[in-house]
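Scroll down for the structure; my scribbles are underneath it.
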Amino acid sequence: MSSLIIESSGRINMIGEHVDYNGGCVLPGSIDKKIRFKFHKVDGPNCHIKSLTIAKEFKFSFENLSPRKVHWENYIIGAVNNLINKKLLKLSPFSCEISSYLPIGAGISSSSSLICGIVKGLIALNDLKLSNNDIVDIVLDVEHNYIGLKGGIMDQFTILNGKKDSLILLKCENREFKYIPSKLKNFKILLLNTNIEHKLANTAYNERVNECNEALKIINNYTDNNFDFLCEVPEKILNNNKKFLSKNLFKRASFVLNENLRTIHSAEMLEMNKLSELGNLMYESHYGLSKYYEVSCEELDFLVDLSRQHHKIIGSRMMGGGFGGCTINLIQDDFVDQFVDESCKAYHRKFGKEATPILTELDNGIMIKKT
Ligand code: GLA
């Protein structure tokens, strides 16, 4: 193939936050907001990348794939480096033009979507065969080693496997998954972006990952167990060993176990069309994220609290890694405009900043469109 177009989606997560790297269950879905890539093979040696969205471009050759000073370039360089130097694949020099319709830093996974799009595009352009699970591993490696976020597999897996009108119940420990049809009756998925981007979000996120690993290590040591993931630890064992954990580690671990159970429960409720039960679990999730896992912020808490005053919103919580980004709201379709207006005005009055609404639908994940 000498040229092609890729559309790579963003993702929402209905529930199951900060459990993916703990081997638990998540309930995400790919959405109708996408990044579009136009790939062409070119005569070497230089590759040429151009982002129409941020009006920046750069060139590189396969001879020099060491990390760059300009942060966004590492998403591309990291992906190419992995394919050539870790997977030992042969790539042709290429050009790629990127246009993004996914807000950056909103917690809807613009980073994973960008890397997934580059990897999927290069695989197709070079007629290579790699499974979606291989691609998940490549993107994870780029995020861990080039971007510095020690995240889990939820985002990449969802972008690669997402399906229209469905959420995915994914068990991150072994990647077993099941589609949960999610037509959501007369409810819409409304995201409210706080437009807060925490500068140290990566650092704070990695701190939580470390805390979970530490809690797991202590539990394994004191109980003579060999659990691979925190989510495998039965609640009883956690509670019986509370005295060995610091107050913070116990709070983190207990949130993770509860969030995992909430996610499994939520998928059951969704399958039975019990949307208000699902909504209640979303509120519980937010409470845990805010008070036990401590990854929320004043702005997110404010928007979630505002939603509680309206019976036409049945669930709301912060979504994604936290420390800013969006809330996700399950809202009756005839109330969207009014709530957007009200919440954006209230947000502005309180914080002097704009909140941005993003009305979204569950759509297919990544797609190759041949030219
Ligand atoms: C980020 C990470 C994911 C996941 C979420 C929190 O989006 O990339 O792997 O951990 O945060 O659920």
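Per DSSP H run of n ≥ 4, the term is -39500 (n - 2.57); total these for the chain, divide by its residue number, and report the mean residue ellipticity at 222 nm rounded to 500 deg cm²/dmol. Each step should come with its number before you reach the end.
Numbers: 10 runs with 142 residues, N = 371.
Using -39500 (n - 2.57) per qualifying helix, the result is -12500 deg cm²/dmol.
Using the structure shown, list the pairs from Lys69/Lys150; Lys69/Lys163; Lys291/Lys353; Lys217/Lys291; Lys69/Lys291; Lys41/Lys87 with a Cα-Cα distance above 26 Å, or answer none. Walk me through the numbers before you get to the answer.
Working: Lys69/Lys150 20 Å; Lys69/Lys163 36 Å; Lys291/Lys353 24 Å; Lys217/Lys291 23 Å; Lys69/Lys291 36 Å; Lys41/Lys87 20 Å.
The pairs that break the limit, which is 26 Å between Cα atoms, are Lys69/Lys163; Lys69/Lys291.
Rounded to two decimal places and with Rh computed the Kirkwood way over Cα pairs, what is Rg over Rh for segment 1-102?
On the way: Rg = 16.2 Å, Rh = 15.6 Å.
With Rg and the Kirkwood Rh in hand, the quotient comes to 1.03.
Top to bottom by accessible area (1.4 Å), largest first, where do Thr158, Thr53 land? Present the calculation step by step, with values, prior to reporting the outcome.
On the way: Thr158 0, Thr53 70 Å².
Output order, biggest surface exposure first: Thr53, Thr158.
Give Lys90/Lys164; Lys34/Lys164; Lys34/Lys120; Lys274/Lys312 a once-over and call out the pairs whose C-alpha atoms are over 25 Å from each other.
Working: Lys90/Lys164 33 Å; Lys34/Lys164 13 Å; Lys34/Lys120 14 Å; Lys274/Lys312 15 Å.
The pairs that break the limit, which is 25 Å between Cα atoms, are Lys90/Lys164.
Can you list residues from other chains, or at least 5 along the same chain, whose modelled amide H is less than 5 Å from the amide H of Lys188?
Result for Lys188 returns Ile331, Gln332, Asp333.
Note the full-extension length gain between Asp32 and Lys86 as 0.36 nm times their separation in residues minus their Cα-Cα distance, in nm to one decimal. Write down the numbers at each step before the final one.
On the way: separation 54, 0.36 × 54 = 19.44 nm, distance 3.23 nm.
Here the segment from Asp32 to Lys86 would lengthen by 16.2 nm.
What ranking of Met367, Met154 comes out by heavy-atom accessible area, probe 1.4 Å, highest first? Intermediate values should be presented prior to the final figure.
On the way: Met367 80, Met154 10 Å².
The ordering from most to least exposed comes out as Met367, Met154.
Among Gly324, Asn46, Phe339, whose Cα lies farthest out toward the positive end of the dipole of the chain, if unit charges sit on the beta carbon of Lys, Arg (+1) and Asp, Glu (-1)?
After comparing all options, I get Asn46.
Could you tell me which of rounded, prolate or oblate describes segment 264-370, using a ≥ b ≥ c as the square roots of the eigenvalues of the alpha-carbon gyration tensor, with rounded for a/c under 1.5 and, failing that, prolate when a/b is larger than b/c and oblate otherwise? Show your work: numbers first, answer last.
Working: a/c = 1.36, a/b = 1.20, b/c = 1.13.
Here segment 264-370 falls in the rounded category.
Express the relative contact order of segment 261-314 as a whole percentage, based on alpha carbon pairs under 8 Å and six or more residues apart in sequence. Intermediate values should be presented prior to the final figure.
On the way: 20 pairs, mean separation 15.3, N = 54.
Answer for segment 261-314 is 28 percent.
How about segment 55-119: which chymotrypsin sites (Phe, Trp or Tyr not before Pro) there lie in a loop by DSSP and see at most 14 other Cβ atoms within 10 Å? Kindly include the intermediate steps, with their values, before the conclusion.
Details: sites: Phe58, Phe60, Phe62, Trp72, Tyr75, Phe94, Tyr101; in loops: Phe62, Trp72, Tyr101.
The qualifying sites are Tyr101.
Over all directions, what mean area does the Cα convex hull of segment 216-280 project, stated in square nanometres?
Projected area, direction-averaged: 4.9 nm².
Hey, can you grab everything whose amide H is under 5 Å from the amide H of Ile15? Only 5+ residues off in sequence or another chain; H modelled, so Pro and N-termini drop out.
Those qualifying (amide H under 5 Å, at least 5 residues apart or on another chain) are Leu27.
Express in Å², to the nearest 10, the accessible area of Ile237 obtained by rolling a 1.4 Å probe over the protein heavy atoms while all chains stay in place.
Around 40 Å² of this residue is reachable by solvent.
Output wanted: per-residue J couplings in Hz (rounded whole) for segment 232-249, from phi through Karplus 6.51 cos²θ - 1.76 cosθ + 1.60, θ = phi - 60°, x for Gly and Pro.
7, 6, x, 4, 4, 5, 4, 5, 5, 10, 3, 5, 8, 9, 5, 4, 5, 4
Translational D (Stokes-Einstein, µm²/s) of segment 143-300 at 37 °C and 0.692 mPa s when Rh comes from the Kirkwood sum over C-alpha pairs?
On the way: Rh = 17.6 Å.
Answer, rounded: 187 µm²/s.
Compute the acute angle (0 to 90°) between the alpha-carbon long axis of helix 336-351 and the principal axis of greatest extent of the alpha-carbon atoms of the chain; round to the nearest 10°.
The helix 336-351 is inclined about 90 degrees to the chain.
Can you work out the base-10 log of I(q)/I(0) for the chain at q = 0.06, 0.12, 0.13, 0.14 1/Å, using the Debye formula on its C-alpha atoms alone?
Values returned for q = 0.06, 0.12, 0.13, 0.14 Å⁻¹ are -0.23, -0.90, -1.04, -1.18.
Enumerate the calculated ³J(HN,Hα) couplings along segment 23-40 in order (Karplus 6.51 cos²θ - 1.76 cosθ + 1.60, θ = phi - 60°), each rounded to whole Hz, writing x wherever the residue is Gly or Pro.
Result, rounded to whole Hz: x, x, 9, 10, 9, x, x, 7, 10, 7, 9, 9, 10, 10, 10, 10, 9, 9.
How big is the gap, in Å, between the Cα center of segment 277-292 and the Cα center of segment 15-76?
Cα centroid to Cα centroid, the span is 32 Å.
Against the longest alpha carbon principal axis of the chain, how many degrees, from 0 to 90 and to the nearest 10, is the axis of helix 298-308 turned?
With rounding to tens, the tilt is 60 degrees.
Can you sort Ile54, Ile189 by 1.4 Å-probe accessible area, starting with the largest?
Values: Ile54 70, Ile189 5 Å².
Descending accessible area places them as Ile54, Ile189.
Could you please state how large a percent of the accessible area of the chain is carbon and sulfur, counting protein chains only and using a 1.4 Å probe? Don't skip to the answer; put the middle values down first.
Working: 7840 of 16060 Å².
Answer for the chain: carbon and sulfur cover 49 percent of the accessible area.
Quick one: angle between helix 201-223 and the longest Cα principal axis of the chain, in degrees between 0 and 90, rounded to 10, please.
For 201-223 against the chain, the angle is about 60 degrees.
Give me, ordered by chain and number, the residues 5 or more places off Leu167 or on other chains with an amide H under 5 Å from its own placed amide H.
Sorted by chain and number, the residues that satisfy this are Ile180, Ser182.
³J(HN,Hα) across segment 75-83 via Karplus (A = 6.51, B = -1.76, C = 1.60, θ = phi - 60°), whole Hz, x for Gly/Pro?
4, 7, 4, x, 5, 5, 4, 4, 5
Can you check how the C-alpha radius of gyration of segment 60-177 compares to 2.2 N^0.38 Å, as a plain ratio?
On the way: Rg = 14.2 Å, N = 118, 2.2 N^0.38 = 13.5 Å.
Compared with the compact-globule rule of thumb, segment 60-177 sits at 1.05.
Counting only heavy atoms of the protein chains, get the accessible area per residue of segment 80-166 (1.4 Å probe) and round it to a whole Å² value.
Values: 3010 Å² over 87 residues.
Accessible area per residue: 35 Å².
Taking the chain as a Gaussian network, Cα atoms linked when under 10 Å apart, which of His286, His18, His198 shows the biggest mean-square fluctuation?
His198
The values are calculated or read from the model by the stated rules, or taken from the named source; none is laboratory data. Here the structure is a predicted model, which is why all the values come from computation and not from measurement. Note that we place each Cβ from the backbone using ideal geometry, even for glycine, and neighbour counts take in every protein chain shown. To get the accessible areas, we keep the full protein, side chains included, count just its heavy atoms, and leave off ligands, DNA and RNA. Shrake-Rupley method; radii C 1.70, N 1.55, O 1.52, S 1.80 Å.
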